[in-house]
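The values are calculated or read from the model by the stated rules, or taken from the named source; none is laboratory data. Because the structure is predicted, anything quoted here is derived from the model rather than measured. Methodologically, a virtual Cβ is constructed for each residue, glycine included, from the backbone with ideal geometry; neighbour enumeration extends over all protein chains shown. Remember, those area values only see protein heavy atoms, side chains included, never the ligands or the DNA or RNA. Shrake-Rupley method; radii C 1.70, N 1.55, O 1.52, S 1.80 Å.
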Amino acid sequence: MDATLLRLVGAATAAYGLLVSARPRLLARPSGLVDATGHTAPATAIALGPLAWRDAASGLAMLTAPNDTALRTATAVRIAADFGDAVLLGRTLPGRTRRWGAVAVSVGWGSLSVAGLLRTPPRRSGAGCGARRRGVGRCAGNR
């Protein structure tokens, strides 16, 4: 697991959620949920609020998870939300282009989180002989 990548995804997600909670049009406009003049209807803004707070909360959970187990759990919630968004928005947004765009963004962020769970970050040089004990690479002290 690449905890740094996952915490960065969490920070970006939390920031986005907070921005959308303050300015729902940031999500409404690219989703095609605005009127002809580009304004977000009050009912639409209200409906987007829970999504924004969900993103803020799940991102904050990823950012501040106290250990690997908590980070994996928070990331699993985030992945489920992203892929759920892809299904829901991909079926319901107005216009094919907007639906495909929402699917691409949602699957992209979900996939980034999946990659963070699966990725093993590279070892820093001089980190010791742990890799050598497992029969991989060269130990810095044995060159």
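Overview of values
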{"quantity": "The stretch 24-38, subset surrounded by 13 or more Cβ atoms within 10 Å (Cβ to Cβ) and without any contact (Cβ under 8 Å) to a residue 12 or more places away in the chain, residue farthest from GLY101 (Cα to Cα)", "calculated": "VAL34"}
{"quantity": "Evaluation of SER58 against (1) open to solvent by 90 Å² or more (accessible area, probe 1.4 Å); (2) modelled with pLDDT of 95 or more; (3) of a type outside the set (Asp, Glu) (one fails), failing number", "calculated": "(1)"}
{"quantity": "Any chance THR13 is of a type outside the set (A, V, I, L, M, F, W, C) and within 15 Å of the chain's Cα centre (by Cα)", "calculated": "yes"}
{"quantity": "Qualifying residue in the stretch 101-115 (condition: over 14 Å from TYR16 (Cβ atoms), open to solvent by 40 Å² or more (accessible area, probe 1.4 Å) and touching a residue at least 60 places away in the same chain (Cβ under 8 Å))", "calculated": "yes"}
{"quantity": "Residue among ARG78, ARG119 that is open to solvent by less than 80 Å² (accessible area, probe 1.4 Å), among the charged types (D, E, K, R), in contact (Cβ under 8 Å) with a residue 60 or more places away in the chain and more than 20 Å from ALA28 (Cβ to Cβ)", "calculated": "ARG78"}
{"quantity": "The stretch 1-23, residues that are of a type outside the set (A, V, I, L, M) and open to solvent by 30 Å² or more (accessible area, probe 1.4 Å)", "calculated": "THR4, ARG7, TYR16, SER21, ARG23"}
{"quantity": "All positions within the stretch 34-52 that are under 22 Å from the mean Cα position of the chain (by Cα) and part of a loop (DSSP other than H, G, I, E, B)", "calculated": "none"}
